[in-house]
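Input: a single structure, listed below in structure tokens.
The values are calculated or read from the model by the stated rules, or taken from the named source; none is laboratory data. In this text the structure is predicted, and so the values were computed from the model without any measurement. Heads up, the Cβs are rebuilt from the backbone with ideal geometry, glycines too, and the neighbour counts pull from every protein chain shown. Each accessible area value is taken on the protein alone, full model and side chains, heavy atoms only, with ligands, DNA and RNA left out. Shrake-Rupley method; radii C 1.70, N 1.55, O 1.52, S 1.80 Å.
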Number of protein chains: 2
Amino acid sequence: MAFKTDIEIAREAQKRPIMEIGEKLGIPAEHLLPYGHDKAKVSQEFIRSLEGGKDGKLILVTAINPTPAGEGKTTTTVGLGDGLNRIGKKAVICIREASLGPNFGMKGGAAGGGYAQVVPMEEMNLHFTGDFHAITSAHNLLSAMIDNHIYWGNALEIDTRRVSWRRVMDMNDRALRQINVSLGGVANGFPREAGFDITVASEVMAILCLAKDLGDLQKRLGDIVVAYRRDKSPVYARDIKADGAMTVLLKDAMQPNLVQTLENNPAFVHGGPFANIAHGCNSVIATKTALKLGDYVVTEAGFGADLGAEKFFDIKCRKAGLKPAAAVIVATVRAMKMNGGVAKADLGGENVDAVKKGCPNLGRHIANVKSFGVPVVVAINHFYSDTDAEVAAVKAYVAEQGAEAILCKHWANGSAGIEDLARKVVEMAESGSANFAPIYPDEMPLFQKIETIAKRIYHADEVLADKSIRDQLKAWEEAGYGHLPVCMAKTQYSFSTDPNRRGAPTGHSVPVREVRLSAGAGFIVVICGEIMTMPGLPKVPSAEVIRLNEAGQVEGLF
Amino acid sequence: MAFKTDIEIAREAQKRPIMEIGEKLGIPAEHLLPYGHDKAKVSQEFIRSLEGGKDGKLILVTAINPTPAGEGKTTTTVGLGDGLNRIGKKAVICIREASLGPNFGMKGGAAGGGYAQVVPMEEMNLHFTGDFHAITSAHNLLSAMIDNHIYWGNALEIDTRRVSWRRVMDMNDRALRQINVSLGGVANGFPREAGFDITVASEVMAILCLAKDLGDLQKRLGDIVVAYRRDKSPVYARDIKADGAMTVLLKDAMQPNLVQTLENNPAFVHGGPFANIAHGCNSVIATKTALKLGDYVVTEAGFGADLGAEKFFDIKCRKAGLKPAAAVIVATVRAMKMNGGVAKADLGGENVDAVKKGCPNLGRHIANVKSFGVPVVVAINHFYSDTDAEVAAVKAYVAEQGAEAILCKHWANGSAGIEDLARKVVEMAESGSANFAPIYPDEMPLFQKIETIAKRIYHADEVLADKSIRDQLKAWEEAGYGHLPVCMAKTQYSFSTDPNRRGAPTGHSVPVREVRLSAGAGFIVVICGEIMTMPGLPKVPSAEVIRLNEAGQVEGLF
């Protein structure tokens, strides 16, 4: 079979002018700030004018633990948005922006696939509307101001060994992970150890995605802990007087970006915090704006439901006061087989036993999402090689779990292939059966919050943490940070902290290696295992083949 | 007297939709890519469609050596553009984009002043249309690919001590001037010395501003020398296979940005290479596009005429085949006084003698510009405290030099204050008296090119250079780079290399400290004295007071 590639399909898109897409949502042209003819930002003023209006229903798209087979979470998010519009609902899609750096390594685009895509795909994978560049600038302005403060006398008495605020770049550049700065003599400052993270790992990114307006943004930026003194007391970005200028640099980036699907339905693409050291969801401001404008808002969260859905519920929904009406868990027959122990090379050919063997991974995610009081449906994202018997095996398993699995062919057929799922989602959302609550209360001690997630979501027996980590958590509780949610950073490939343990492992423990305070974003990061905050490029980076073709189109990016 | 500030005037601007400004120039709406409602990029396709058309007349605005009193070169460029439109000529302004980083230190905006400004001022001083961010990304992608190449085996045999390609950031951050990278163990690469420059100092910036189209851009990017082997043979960006991906990152940035003056006349604001280690002019593509669209194009060059005009003529015009029709040298009475030895604090009160004493600085610039075969007029940018006698003294001096000085009040009165200058410029341009030629031929040996500029423009007695520098120049000649122009990097405050020698010094020598090959940009940088390629922030950076006010407007940036 010969398929068109995603980029070929995207280039054939019959895009409508973005002002027309905005009009569908009732956004007047003067409140759309165009970036070219197919992208626009929604003005802060218009967003403020929506306050007090009625909210649509919020649908989360999440997934099983990712496998190399691919699940298609974004593709299903886009497809479901189109499907809901097809059956007469006014639906808006909310997804994250793509990071530029990794596209020059090996990662492809992040705008869906097949006939369920958001366009313009090339630009979304390059500079888009410049939001990530603004975040990079704001982050690094603070970095420069910290070293400048030290240079000019260090009135705040910052311990130069304890500057926790690093620099960022939207690039995969391992050489910058650990560096020594201010070398070369008196004029260049006081030498110290430092380093760069990738922009999506910046706390500024997490803050932008959680702030409810520009005032809240500035307050959160001021709350960032940038360093400590010798007595270990914190120094804040506010002390450095960087919060005002950072807000100025971020004022346009705070405005959600409107684009469209291949079927000309509206999609907000805004923000993109790392799904490990941050919460991995698109911006609160985009989601809330979409809820005012649409009957349905379809959004997604990073990685599998153990990380993505948990943080969506316990961080984003808790903090923004959002009440999801239903959740879709995306699975594929191929991924079920891999969870059942089949290697990627052996995925060809029917293997119903392997599908059945992998299903408990899906089963645990169903139970977990339900435990937040949110009704669940499973979307089987169809792959052309799936056999009827394999699909039937997944459906039967899901039915045993008290849920329904629906075969979806949006990748091949667009909205026409996902009508059944759309109808089911409407039925669930309108039944009013949702009764959302986070899995732990604000007032629970920090370590107990970690244990709650580890035991109830990961099904681990215990959490292992050194005394120094427990002491640090207690110190933060005493400093007034005890009410914060915890942001788990662990491998996305398994419920456990071992990426090779697929399926639904039990009897494991969760070792906490490190904890970090993100006081501006408003969570405690709990690092279990190795977390890479600055990726490297592979031996043959895709940048080597990325180029403009004769027609001026981008080749090699996808 | 109470004056409105530049920003107050800018905020009162009656801006027209940018599509209307484009229409004035005959650019169809579908070929304007809007960025908000008041900025747009002109499509590559439209620019290509202009090929073969008739060119308007090119007017250079340059200045005496800058003093702390301020000369108002950009203000006069904008004013003259408005003035030409006022007297019925279709005139287009071409100026440079502002660097973001320095705005958070102490520098104000770079969009003109008073009633001769380009708007939207705030955005031009922040992210604008993202061009500089694109340059930063393209530059740093190459940097990451170099270290990645070394990491994965170093097949090109790069000597890690001889990586000449640094990294860039659009920020004043002295801590990054000299750093050690790839620390922390095997996974992070081979430790080596490195550093960051500010983005405007990137060779990518100079290349973008000199490339005639996307094909030329990619060729020049490939030509960049990034490192040397132990045998000192060069390694090019093309060898690293970065040129295609860099071109993709720069494809939008190559499209000139259209904005408007306070009087709704068109202005291209595009590119902004450093005026010391690069040539300090706006992009060739913007200037050439403007020449196809307007009867007159008014542009400027960085610093005083000794640096800016010389490089405009010998690098930009030579390489792009431009033929300037006339030049305006901007001077102020206050700056004449400072050149005459008066301190800034003593500028109040009439002082005709000091004015006369400072005039030889202006006189030498007049003679220099004429020596390129370009007719000259002097614009006296009026300051409210100037007395009639002081103005008369400047006029009389300029008349003695065989030129005319015209008093201009565009700062206070907009185009109505600069009609006389506009008429004089038209008279000169239409007289056909211009007979432009660069000051040295391509085939002159490199050292002799340096001597030609030093003696004929700076009026120095000699050029001092170590044998190692002369040998390096000879080596480049043998390697085929002998035909390149030289790009002088010296203090802008004096004809000499001593910033304190105002007026028209003689008897000095020009010591060459270092020479650098910018093979992609296509020039040899000749460094005379200290050149700072990464600025620092002052003790109290303006970032500390930059913030959004209650109305959501930016305060403290100007």
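Side notes on the structure shown:
- Odd one out for residue A:175 among (1) in contact with a strand residue (DSSP E or B) (Cβ under 7 Å, 6 or more places away or on another chain); (2) of a type outside the set (Lys, Arg); (3) under 28 Å from residue A:479 (Cα atoms): (3)
- Any hit, region B:329-345, residues being aliphatic (A, V, I, L, M) and under 16 Å from the mean Cα position of the chain (by Cα): yes
- Considering region B:401-458, the residues that are crowded, with 22+ Cβ neighbours inside 10 Å and aromatic (Phe, Trp, Tyr) include one that is nearest to residue B:481 (Cα to Cα), namely B:458.
- From the options A:337, A:357, residue that is charged (D, E, K, R), surrounded by fewer than 24 Cβ atoms within 10 Å (Cβ to Cβ) and not in a loop (DSSP other than H, G, I, E, B): A:357
- Hits in region B:527-558 - residues which are within 23 Å of the chain's Cα centre (by Cα) and part of a strand (DSSP E or B): B:527
- Within region B:275-310, the only residue that satisfies the criterion of being aromatic (Phe, Trp, Tyr) and either surrounded by 24 or more Cβ atoms within 10 Å (Cβ to Cβ) or in contact with a Leu (Cβ under 8 Å, 6 or more places away or on another chain) (or both) is B:296.
- Positions within region B:527-555 being under 30 Å from residue B:195 (Cβ atoms), open to solvent by less than 40 Å² (accessible area, probe 1.4 Å) and of a type outside the set (A, V, I, L, M, F, W, C), in sequence order: B:529, B:533, B:535, B:536, B:538, B:541, B:542
- All of B:95, B:87 fail the test of being at pLDDT 90 or above and either touching a strand residue (DSSP E or B) at 6+ places or on another chain (Cβ under 7 Å) or open to solvent by less than 10 Å² (accessible area, probe 1.4 Å) (or both), apart from B:95.
- Strands (runs of 3 or more DSSP E) within region A:91-191 that include 2 or more residues under 26 Å from residue A:541 (Cα atoms): A:116-119, A:167-169
- Any hit, region B:128-140, residues being in contact (Cβ under 8 Å) with a residue 12 or more places away in the chain and away from chain A (no Cβ under 14 Å): no
- Region A:34-84, residues that are over 22 Å from the mean Cα position of the chain (by Cα), on the phi > 0 side of the Ramachandran plot and crowded, with 17+ Cβ neighbours inside 10 Å: A:36
- Enumeration of residues in region B:207-257 that are among the small types (Gly, Ala, Ser) and open to solvent by 10 Å² or more (accessible area, probe 1.4 Å): B:215, B:233
- For region A:37-50, the set of residues classified as more than 12 Å from chain B (Cβ to nearest Cβ) and free of Cβ contacts under 8 Å to residues at least 40 places away in the same chain consists of A:46, A:49, listed by residue number.
- Where residue A:426 falls short, out of the listed (1) within 29 Å of residue A:355 (Cβ to Cβ); (2) touching a strand residue (DSSP E or B) at 6+ places or on another chain (Cβ under 7 Å): (2)
- Listed by first and then second residue, the pairs linking a residue in region A:360-387 that is closer than 15 Å to residue A:453 by Cα to a residue that is open to solvent by 20 Å² or more (accessible area, probe 1.4 Å) and among the charged types (D, E, K, R), with Cβ atoms under 6 Å apart and 6 or more places separating them unless they lie on different chains, form an empty list.
- Among residues of region A:459-479 being open to solvent by less than 30 Å² (accessible area, probe 1.4 Å) and in a loop (DSSP other than H, G, I, E, B), the one that is nearest to residue A:312 (Cα to Cα) is A:460.
- The single residue among B:162, B:166, B:192 that is within 9 Å of chain A (Cβ to nearest Cβ) and either at pLDDT 95 or above or open to solvent by less than 60 Å² (accessible area, probe 1.4 Å) (or both) turns out to be B:192.
- For region A:177-188, the count of residues that are touching a residue at least 60 places away in the same chain (Cβ under 8 Å), open to solvent by 20 Å² or more (accessible area, probe 1.4 Å) and at the interface with chain B (Cβ under 9 Å from one of its Cβ atoms) is nonzero.
- Count - residues of region B:513-526 that are in a strand (DSSP E or B) and either open to solvent by less than 10 Å² (accessible area, probe 1.4 Å) or closer than 24 Å to residue B:213 by Cβ (or both): 6
- Applying the criterion of being in contact with a helix residue (DSSP H, G or I) (Cβ under 6 Å, 6 or more places away or on another chain) and not hydrophobic (A, V, I, L, M, F, W, C) to the residues of region A:76-96, the residue that is nearest to residue A:368 (Cα to Cα) is A:79.
- Residues (open to solvent by 10 Å² or more (accessible area, probe 1.4 Å) and not hydrophobic (A, V, I, L, M, F, W, C)) located in region B:311-331: B:318, B:319, B:321, B:323
- Restricting A:332, A:299, A:247 to residues that are at pLDDT 95 or above, within 17 Å of residue A:84 (Cα to Cα) and of a type in the set (Val, Ile, Thr) narrows the list to A:299.
- Any hit, region A:8-30, residues being within 26 Å of the chain's Cα centre (by Cα), crowded, with 23+ Cβ neighbours inside 10 Å and over 26 Å from residue B:32 (Cβ atoms): no
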